[in-house]
Amino acid sequence: MTSELSKLRRIVQSAWKPVCPDLPLTVVEEILLNLPGKQVICVCRLVCNAWKSVVDSTAFWRERCRREGLKPPITYKVPKDWQTFYVLCNKRRNLLKNPNANESFTGWKILENGGDRWIVDNVFAAHPDDTVTKCFVTSYGRCIKSQLINLEKEGYSPVFMDQIQPNIVISDWYAPRWDCGSVYEIRVELLNHRKKTIQFFQPEPVTFLQWNDQQWNWMTHTFKDYGPGVRFILFKHGGKDTQYWAGHYGIRVTNSSVEILPSAEE
């Protein structure tokens with residue numbers, strides 16, 4: 001991909017440099033607004049100073065966001081950098097693989113498999129997201145599973161993470177069985193290149209009593225201003241039941257997510 005961009009950059013520079021001074025900036029802006037964002041940043045910005053001034057302007061990226069319907073969810077919060085806001089919105093996705101147990105345990109590493117071990121089951125109570133139909137279920141011994149996210153492989157370069165330090169938002173859904181007590185726990189760590197912890201989120205375990213309404217609960221946390229050096233995210237969660245019943249009466253988890261968001265969006 002890098003070699004292709006370099007080649008395209010040379011072609012664009014040689015083709016446009018002679019005529020670039022003759023184009024009004026309004027025409028240049030309209031051309032750039034109709035090109036892919038990555039090409040605009042990596043190639044078109046290097047054509048000449050005039051094009052660079054257009055690409056670097058706040059007005060250009062604000063207009064691009066307007067045309068593509070990208071709006072801060074909190075209307076009174078204006079993004080500090082509209083270009084970064086645009087890039088992060090377009091890259092936004094759940095970085096966890098197989099969050100809803102649709103592919104059994106693909107993507108997950110089992111750290112602890114107590115009792116009768118982890119299983120995948122259908123949801124008991126309807127999930128707020130009606131597309132979620134399966135969940136991971138724990139047993140009477142402690143069950144913990146994890147995923148390690150390599151940010152660079154996901155398209156977030158070390159320079160980007162160090163300079164921008166975008167918000168890292170994690171969330172998880174968990175529910176007990178109505179007829180059995182259970183415990184839910186989660187720990188998410190931001191790691192450096194040596195996989196040493198820079199910052200972590202680990203709330204107190206959540207305990208459910210026997211005879212509950214088995215409703216789904218939401219856990220979320222936003223990492224902000226965590227400093228340079230973050231290269232990996234380690235997501236761990238699980239739990240167990242408190243009755244020590246054979247089978248799978250422990251906590252149920254599903255629809256977990258890790259997303260990189262603009263700072264104006266939480």
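The values are calculated or read from the model by the stated rules, or taken from the named source; none is laboratory data. Since this is a predicted model, take the numbers as computed values, not measurements. Positions of Cβ are generated from backbone atoms using ideal geometry, with glycine treated the same way; all protein chains shown enter the neighbour counts.
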(request) Go over the candidates Tyr140, Tyr184, Tyr156, Tyr174 one by one and state the one that is part of a loop (DSSP other than H, G, I, E, B), out of contact with any helix residue (DSSP H, G or I) (no Cβ under 6 Å at 6 or more places or on another chain) and within 26 Å of Ile110 (Cβ to Cβ). (result) Tyr140
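Report yes if Val137 is under 19 Å from Leu261 (Cβ atoms) and among the β-branched types (Val, Ile, Thr), otherwise no.
No, not satisfied.
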(message) Conditions first: (1) under 27 Å from Gln215 (Cβ atoms); (2) outside the structural domain of Gly247 (by TED's automatic domain parsing); (3) touching a residue at least 60 places away in the same chain (Cβ under 8 Å). Val78 passes all but one, so which condition is the exception?
(response) (1)
(request) Residues being surrounded by fewer than 18 Cβ atoms within 10 Å (Cβ to Cβ) and of a type outside the set (D, E, K, R): count how many of those fall in the range 182-198. (result) 4
(request) Return a yes/no flag: does the range 63-85 have any residue that is at pLDDT 90 or above, over 30 Å from Asn150 (Cα atoms), in contact with a helix residue (DSSP H, G or I) (Cβ under 7 Å, 6 or more places away or on another chain) and crowded, with 18+ Cβ neighbours inside 10 Å. (result) no
(message) On the basis of being on the phi > 0 side of the Ramachandran plot and modelled with pLDDT of 95 or more, does Gly155 make the cut?
(response) no
(message) Take the residues in the range 211-266 that are surrounded by fewer than 20 Cβ atoms within 10 Å (Cβ to Cβ) and of a type in the set (A, V, I, L, M); name whichever of them is farthest from Lys80 (Cα to Cα).
(response) Ala246
(request) Report, ordered by the first and then the second residue, all pairs with beta carbons closer than 7 Å, sequence separation of six or more or different chains, a first member in the range 45-62 that is closer than 12 Å to Thr26 by Cβ, and a second member that is surrounded by 13 or more Cβ atoms within 10 Å (Cβ to Cβ) and of a type in the set (D, E, K, R). (result) Val54/Glu29; Phe60/Glu29
(message) If the requirement is being outside any loop (DSSP other than H, G, I, E, B) and among the aromatic types (Phe, Trp, Tyr), which of these qualifies: Trp211, Trp218, Trp245?
(response) Trp218
(request) Within the range 111-137, work out how many residues are exposed (fewer than 13 other Cβ atoms within 10 Å of the Cβ) and either assigned to a loop (DSSP other than H, G, I, E, B) or free of Cβ contacts under 8 Å to residues at least 60 places away in the same chain (or both). (result) 6
(request) Could you list, in sequence order, all residues of the range 234-257 that are in contact with a Pro (Cβ under 9 Å, 6 or more places away or on another chain) and of a type in the set (A, V, I, L, M, F, W, C)? (result) Ile251
(request) Being buried (at least 21 other Cβ atoms within 10 Å of the Cβ) and touching a Lys or Arg at 6+ places or on another chain (Cβ under 7 Å) is the filter here, so list the residues in the range 158-181 that pass it. (result) Tyr174, Ala175
(request) Within the range 143-153, count every residue that is crowded, with 16+ Cβ neighbours inside 10 Å and in a loop (DSSP other than H, G, I, E, B). (result) 1
